[in-house]
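To start, the structure under review is shown below, and the notes come after it.
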Ligand code: ATP
Ligand code: MG
């Protein structure tokens with residue numbers, strides 16, 4: 001059976017009445033107008049879920065250049081990931097050929113049982129063109145429409161009558177927060193060198209920046225990378241400086257040199273783990289729209305000090321002046337958690353070009369913190385899920401990558417790890433409860449949270 005939506009494919013299978021929102025569009029790129037429209041439609045009409053369906057090759061945008069479908073899909077995924085009620089379907093893109101909404105609606109209708117009501121969400125500007133589409137009468141039999149107001153497109157009585165004259169459409173009009181923003185305008189802004197910060201999600205800004213989308217030969221950037229400016233712990237390195245051009249700590253040469261250093265610092269087995277963490281961190285960064293090079297480097301360096309014994313690492317912590325910054329009971333009773341802190345301090349001293357946010361992710365990779373940045377979470381998760389780790393049900397956690405938000409994944413991994421420590425009667429870092437409480441209340445509750453399952 002084709003996968004329409006990995007989150008919601010099984011919707012309605014228990015026979016309960018379900019309302020499923022469908023949000024079609026080119027999403028080139030997805031922006032807050034789309035997201036707010038979908039979320040407000042969901043709340044307004046009691047929808048259980050909304051599936052965003054980026055068009056493959058839109059029949060109504062023939063002749064206009066459109067960003068490759070897979071990149072539009074990636075951006076939709078990044079933007080929708082944090083909302084547990086949203087998902088993105090590649091169904092139109094995978095179908096290939098010219099995209100007609102009637103084919104999509106038919107496929108959805110065949111896939112979901114009858115107790116799933118399909119609700120087609122559109123902006124007021126689109127409803128008229130949909131009504132004029134090929135086989136719109138067929139679509140109307142299978143879905144209810146909800147049409148959101150959109151600045152610049154008035155929903156007048158004559159507009160409604162014009163649509164009514166085209167066919168028998170069940171349309172509910174609703175008022176969304178007016179966001180006078182369109183993908184075309186955003187593309188133009190990027191072309192002129194402006195950032196899209198606050199107009200779409202940070203993860204999408206980062207993606208556009210990284211993939212150099214919408215730039216023209218004339219584009220001169222007016223801002224730094226959104227990742228750099230939004231992260232309070234990041235070093236102030238703007239694109240175009242030696243560092244981001246690959247001359248500094250994020251260059252391949254620096255990475256390779258530190259990789260060589262590690263061969264004399266840690267065992268071959270440890271190095272294999274480190275390489276696994278670096279690759280996993282890079283992968284997570286791509287999935288979650290975090291700076292890939294920073295994640296890769298932090299993954300490589302996280303166990304920089306793992307070659308020291310208990311007494312040596314304690315001494316190293318004292319030599320690096322960490323007494324006073326780390327609680328004494330941790331320095332004296334928990335030497336196994338010191339290596340992240342000492343690595344960050346020593347690397348910062350010896351390689352001042354390493355960005356501060358990379359050092360912080362290394363610092364936090366064992367104990368975590370209450371205010372983890374996305375980069376911190378990526379490195380923490382990568383350490384637990386790299387392919388060399390083989391614990392009982394760890395594959396269940398790996399399977400969540402890309403299907404749950406980064407915070408949720410972090411909490412699941414944190415929970416798993418804490419459980420493992422408890423079951424092995426290992427001491428817990430004194431901040432563990434603080435970290436747990438900070439995230440447990442932010443992440444949606446799961447249904448399968450029974451204690452016995454783990455044993
Ligand atoms: P473009 O400028 O390239 O046409 P767009 O911003 O209109 O892009 P689409 O992908 O064409 O985005 O739109 C997808 C759906 O989202 C359509 O139903 C559209 O009406 C709706 N929509 C887009 N922007 C807004 C907005 N700012 N407010 C409400 N609805 C919107
Ligand atoms: Mg449009």
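Laboratory data are not the source of any read-out in this text; all were calculated from the coordinates shown. Please read these numbers as outputs of a predicted model, since none were measured by experiment. Ideal geometry is used to build each Cβ from the backbone, glycine not excepted, and the neighbour counts take in all protein chains shown.
Roughly speaking, what is the centre-to-centre gap between the range 95-143 and the range 364-443 when only Cα atoms are used, to the nearest Å?
Centre-to-centre distance over Cα atoms comes out at 41 Å.
Taking 7 Å along the Cα-to-C-beta vector as the label spot, tell me the residue 157-residue 66 distance in nanometres, rounded to one decimal.
Result: 3.7 nm between the two label points.
Using only Cα atoms, tell me the angle between helix 157-166 and the longest principal axis of the chain; keep it within 0 to 90° and round to the nearest 10.
Approximately 80 degrees, to the nearest ten.
Could you order the peptides 47-53, 378-384 from most to least packed, using the average number of other C-beta atoms within 10 Å per residue?
Per-residue mean Cβ counts within 10 Å order the peptides as 378-384, 47-53.
Could you line up 198, 207, 153 from fewest to most neighbouring Cβ atoms inside 10 Å?
By the 10 Å Cβ count, ascending, the order reads 198, 153, 207.
Determine, for 273, 365, the number of other Cβ atoms within 10 Å of each Cβ, and report the residues in order from fewest to most.
Listed from fewest to most nearby Cβ atoms, that is 273, 365.
May I ask you to give the average projected area over all directions of the convex hull of the Cα atoms of the chain, in nm² rounded to one decimal?
Orientation-averaged projected area of the Cα hull: 24.4 nm².
Return the Rg/Rh value of the range 119-168, two decimal places, where both radii are evaluated on C-alpha atoms and Rh is the Kirkwood radius.
Across the range 119-168, the Cα-based Rg/Rh ratio is 0.94.
Along Cα→Cβ, 7 Å out, is where each label goes; now give me the distance between the ones at residue 394 and residue 438 in nm to one decimal.
Calculated label separation equals 2.5 nm.
Specify the angular offset, from 0 to 90 degrees and rounded to the nearest 10, of the alpha carbon long axis of helix 32-44 from the longest principal axis of the alpha carbons in the chain.
70 degrees
Could you check what % of the DSSP bridge pairs in the chain are antiparallel, to the nearest 5?
So the antiparallel bridges amount to about 5 percent of the total.
Counting other beta carbons within 10 Å of each residue's own, what order do 159, 112 fall into, fewest first?
159, 112
Highest mean first, how do 19-31, 314-326 rank when packing is the count of other Cβ atoms within 10 Å averaged over residues?
Ranked from most to least packed, the peptides come out as 19-31, 314-326.
Given the DSSP H assignment, sum -39500 (n - 2.57) over each helix run of at least 4 residues in the chain and divide by its residue total; what's the result at 222 nm in deg cm²/dmol, nearest 500?
Taking each H run of at least 4 residues, the total per residue is -14000 deg cm²/dmol.
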